[in-house]
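Participant: Here you go, one structure.
The values are calculated or read from the model by the stated rules, or taken from the named source; none is laboratory data. Owing to the predicted nature of the structure, the values given are computational and were not obtained by experimental measurement. Here the Cβ positions follow ideal geometry from the backbone for every residue, glycine too, while neighbour counts run over all protein chains shown.
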Amino acid sequence: MDRRTFIKGTCLGTAGLLVERLDASAQRDLPMPQAPPILVHGLTPHKSSPLGMPGLFPGRVVEIHDSRSIVRNHVSQDVVHPMLEQGMKELTGERSARDAWAKFVQPADVVGIKINPSGAPACSSSPELVREIVMALQAVGVPLRNIVVWDRYSYEMDIASCRTTLPPGVRVMGIENGVRDLSGYDLNVYCQANFFGEWETRSYMASVVTQGVDKIINVPTTKDHSAAGVTGCLKNLGYGSFNNVARSHRPPYSFTDPLIGMMCTAEPLRTKAVLHIMDGMRQVWHGGPLTQVQDFIDQTGTIYVGTDPVALDTVELQAIEEKRREKGAPSLWEHDPASITSNNEEFFHNPNKNLFYRRPGHIAAAGKLGLGIADPGRIEHRRMVLG
Amino acid sequence: MMADSTQTPATVEGDSEWITLLKDAARSGGQGRRPARPPSRLRWRLRVARAIRSSPILRNGMLYVAAVDGNLHAIDAVSAKTKWKFQAPGKIHGTPSFSGNAILLGCDDGKVYAIESETGAKVWEAASSGEVWTSPVVRQGVAFFGSADACVYAVNVSTGEQRWRRQLGGRIYSTPFSAGENIYLGCGDGKVYCLNAASGAIVWSTPTENGIDCSPVLAAELVLIGSEDFYLYALDAASGALRWKYGTGLGIVSSPAVGDGAVFFGSKDGYLYAVEIRNGRLRWRVQAGEAVTAPPVFAGGTVCIQAGGTGALDSASGKLLWRAGLGGAVQSTPVLTETGIYLAGMDGELYALE
């Protein structure tokens, strides 16, 4: 079903954006309920930058694979190092990795590294890759004290042991410590919508985004998501920067499309997110984002680099769709009532089952919001195989 | 097999005292206690904070609970009434330790605070340059603690004055184990270190293949410690030489407990393991949760663990004896007494079971 899409500004001027209907991609089978109006109240005034999404290289995705990078579930930092260097040089056209990084980060910047520990311990941003990013930032001249590794949930970072192997001096921050902890959020920047009659209709942006950092390097993982279809760059950034986001999906329905993309348009998130390094060491093709079932986690040994989160997520979506086809699992686009279960255990162990009607259309919707290119025919997908 | 009490300056001062991580300096947990019986009822439940990561400690009928929000709470174990609170300037993630009448407490502001246990007044503070998640270990007038600034510190327990500082190769979240002339700990650089307790000099170091969060225990002259490289290591305490190692499915941050000749530990692969100390062979393994990160507690034939909820298993067979759907924890451990069990949950709740 094709749906009309229209966006209009609100009385909040440049700071506000109201989406009444936004559903860019053809959904299959069942019609999904329409999303309610979503108000995005970004930081104002805010100076945009060409580095902001979709960034310096719209539509370009560099995929770097090395089969030696993960062996028996151990990631090798020695192998990840040249993968990241080669990928950054390929992305930017620079001859040296240092020059490639310097296109995005200056020595005076405070740089946030947004990781994804939500699938920990089975699948989360690899510490080996995060360490390589830290070292690359150091090489550009960013002092360790000006590097902040962060996510929303402290306990997930704890389970992932995100702190232990980072160099001393790097700041490691979990935004929320326990339920209803708003202390790490900026109450002036929010998205507002009433999806299911919830009592709190606002989601606030993390203060580390609005005030704590100058640039953000986004380090999502590659995995399917029971509500959004996939959790890649856009979801890691949007749902990882705002609180109170689980309210957007209530079984079996999900409004992750269009909320994920809308959140990524909010300033200053959009401008500060200058680079996306997707960790495809492991690929979750069913049970995401929280599964711990190794049967559905492939050790793929891949890194994706780009500045365009929409293009990156499109490539990720294709890869997971391909894997699901190979395994005989239904498409992420399928909206078959027979596939829906309310039993978590059944969902985690049966790839034919799901908790929600997935909404991978959030990627194309984000493309229509100007965050990047979703049309596969316009994506410049460069593949590198190092070993 | 029990921890070697001739080597360890255990400071157990009574059956109902639980004065540091895993009870005492020997990390003896509930050793010597009769098998922990299934709790029959909830005596009380108290909402302490939004989140608690550390374990409660207990002395003279008072529970001391550090919440992530930086508050140290002194709570009457019978009435559940709060006697005092101390607000630290930063978050608290580590289990406090008693030293005399003072409670030592690491904080994310980089300091260790000594708090008077009767009043909650600050006695002294000792500074480091990184957050302190480790429990201070007290021995012969000196408190040892590791910091995320990659240094191990030794300070005077009466004044907080620094005795020595030893820089290692990575962040430190592993609580030292003190025995004989030395202290032992793991490090984010992947090495297990043995330091001379008097000088801080490195006696030996042994590498593993990834960083170490886990806190070690000594038993049968072996240092037992897990690594993010998926292995539990048994190292010769005198030389650091590898005696054996046992592999699991994911990283090990759960600090081991020893008893009945076995070492018990959890893995992030979701299993609780019992491995024979003498040869590193598996005795049993049991699925205990999605990821087991908290340390188990051994108590007279049973092993208690907070993973998802709280459970107790037979130490010989791994058979589940009882399970309660409360007290899910990332690092907190049960406090076992003759009359009951105290649990702190990641959700900020404190429970008294009997």
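Participant: Got a number for residues in the range B:161-210 being within 14 Å of another protein chain (Cβ to nearest Cβ) and not in a loop (DSSP other than H, G, I, E, B)?
Facilitator: Of the residues in that region, 8 qualify.
Participant: Return the residue satisfying two criteria in turn: it lies in the range B:284-341 and is within 14 Å of chain A (Cβ to nearest Cβ) and assigned to a strand (DSSP E or B), and of such residues it is surrounded by the fewest Cβ atoms within 10 Å (Cβ to Cβ).
Facilitator: B:Q287
Participant: So which of A:A120, A:A35, A:A100 ends up being among the aliphatic types (A, V, I, L, M), touching a residue at least 12 places away in the same chain (Cβ under 8 Å) and in contact with a Pro (Cβ under 8 Å, 6 or more places away or on another chain)?
Facilitator: A:A35
Participant: Here's a follow-up. Quick check, is A:R325 outside any helix (DSSP H, G or I) and surrounded by fewer than 19 Cβ atoms within 10 Å (Cβ to Cβ)?
Facilitator: Against the criterion (outside any helix (DSSP H, G or I) and surrounded by fewer than 19 Cβ atoms within 10 Å (Cβ to Cβ)), A:R325 does not qualify.
Participant: Just checking, does the range B:109-125 include any residue being closer than 25 Å to B:Q331 by Cβ, within 14 Å of another protein chain (Cβ to nearest Cβ) and surrounded by fewer than 24 Cβ atoms within 10 Å (Cβ to Cβ)?
Facilitator: There is at least one residue in the range B:109-125 that is closer than 25 Å to B:Q331 by Cβ, within 14 Å of another protein chain (Cβ to nearest Cβ) and surrounded by fewer than 24 Cβ atoms within 10 Å (Cβ to Cβ).
Participant: Among the residues of the range B:139-156 satisfying the criterion of being assigned to a strand (DSSP E or B) and out of contact with any Ser or Thr (no Cβ under 8 Å at 6 or more places or on another chain), which is nearest to the other protein chains (Cβ to nearest Cβ)?
Facilitator: B:V152
Participant: Please work out if A:F348 is assigned to a loop (DSSP other than H, G, I, E, B), in contact (Cβ under 8 Å) with a residue 12 or more places away in the chain and among the aromatic types (F, W, Y).
Facilitator: Considered against the rule, which asks whether it is assigned to a loop (DSSP other than H, G, I, E, B), in contact (Cβ under 8 Å) with a residue 12 or more places away in the chain and among the aromatic types (F, W, Y), A:F348 comes out as no.
Participant: Please enumerate the residues belonging to the range B:211-222 that are in a strand (DSSP E or B) and within 13 Å of chain A (Cβ to nearest Cβ).
Facilitator: Across the range B:211-222, there are no qualifying residues.
Participant: Got a sec? Which of B:G141, B:G160 is free of Cβ contacts under 8 Å to residues at least 24 places away in the same chain and under 25 Å from B:I57 (Cα atoms)?
Facilitator: Selected residue: B:G141, the only one of B:G141, B:G160 that is free of Cβ contacts under 8 Å to residues at least 24 places away in the same chain and under 25 Å from B:I57 (Cα atoms).
Participant: Looking only at the range B:27-65, filter to residues that are part of a strand (DSSP E or B) and under 18 Å from the mean Cα position of the chain (by Cα); which one of those is nearest to B:H93 (Cα to Cα)?
Facilitator: Here the answer is B:V65.
Participant: Restricting to the range A:131-186, give me the number of residues that are within 12 Å of chain B (Cβ to nearest Cβ) and in a helix (DSSP H, G or I).
Facilitator: Final tally of qualifying residues: 9.
Participant: Would you please name the residue that is farthest from A:I277 (Cα to Cα), looking only at residues in the range A:40-61 that are surrounded by fewer than 19 Cβ atoms within 10 Å (Cβ to Cβ) and touching a strand residue (DSSP E or B) at 6+ places or on another chain (Cβ under 7 Å)?
Facilitator: A:T44
Participant: Select from the range A:327-343 the residues that are acidic (D, E) and within 23 Å of the chain's Cα centre (by Cα) and list them in ascending order.
Facilitator: A:E334
Participant: Restricting to the range B:225-282, and then to whatever is β-branched (V, I, T) and part of a strand (DSSP E or B), can you tell me which residue is nearest to the other protein chains (Cβ to nearest Cβ)?
Facilitator: B:I225
Participant: Take A:H349 and tell me if it is of a type outside the set (F, W, Y) and at pLDDT below 95.
Facilitator: No, not satisfied.
Participant: Scan the range B:66-79 and give yes if some residue there is closer than 18 Å to B:L21 by Cβ, in a strand (DSSP E or B) and within 14 Å of chain A (Cβ to nearest Cβ), otherwise no.
Facilitator: Among the residues of the range B:66-79, at least one is closer than 18 Å to B:L21 by Cβ, in a strand (DSSP E or B) and within 14 Å of chain A (Cβ to nearest Cβ), which makes the answer yes.
Participant: Would you point out the residue of the range A:240-265, among those that are assigned to a loop (DSSP other than H, G, I, E, B) and touching a Leu at 6+ places or on another chain (Cβ under 8 Å), that is surrounded by the fewest Cβ atoms within 10 Å (Cβ to Cβ)?
Facilitator: Step by step, filter the range A:240-265, then rank; the result is A:P251.
Participant: Let me ask another. For the range B:89-114, what are the residues that are assigned to a loop (DSSP other than H, G, I, E, B) and under 24 Å from B:D24 (Cβ atoms)?
Facilitator: B:I92, B:H93, B:G94, B:T95, B:P96, B:G100, B:N101, B:C107
Participant: Check off (1) in contact with an Asp or Glu (Cβ under 9 Å, 6 or more places away or on another chain); (2) outside any helix (DSSP H, G or I) for A:F356 and give me the number that stays unchecked.
Facilitator: Checking A:F356 against (1) in contact with an Asp or Glu (Cβ under 9 Å, 6 or more places away or on another chain); (2) outside any helix (DSSP H, G or I), the one that fails is (1).
Participant: Among the residues of the range B:245-258, is any surrounded by fewer than 24 Cβ atoms within 10 Å (Cβ to Cβ) and basic (K, R)?
Facilitator: yes
Participant: Would you be able to tell me the number of residues in the range B:257-291 that are of a type outside the set (D, E, K, R) and farther than 23 Å from B:L235 by Cα?
Facilitator: Number satisfying all stated conditions: 6.
Participant: Among the residues of the range A:175-192, are any of a type in the set (S, T, N, Q) and in contact with a Phe, Trp or Tyr (Cβ under 9 Å, 6 or more places away or on another chain)?
Facilitator: Yes: one or more hits.
Participant: Let me ask something else. How many residues are in contact (Cβ under 8 Å) with a residue 24 or more places away in the chain and either surrounded by fewer than 20 Cβ atoms within 10 Å (Cβ to Cβ) or farther than 15 Å from A:T307 by Cα (or both) if we restrict to the range A:352-372?
Facilitator: The number of residues fulfilling the criteria is 14.
Participant: Same structure, new question: Taking B:L105 as meeting all but one of (1) surrounded by fewer than 17 Cβ atoms within 10 Å (Cβ to Cβ); (2) of a type outside the set (S, T, N, Q); (3) over 24 Å from B:W204 (Cβ atoms), write down the number of the exception.
Facilitator: Condition not satisfied by B:L105: (1).
Participant: Let me ask something additional. All but one of (1) closer than 19 Å to A:T271 by Cβ; (2) surrounded by 19 or more Cβ atoms within 10 Å (Cβ to Cβ); (3) not charged (D, E, K, R) hold for A:A108, so report the exception by its number.
Facilitator: (2)
Participant: Every residue in the range B:115-138 that is among the charged types (D, E, K, R) and assigned to a strand (DSSP E or B), please.
Facilitator: B:E116, B:K122, B:E125
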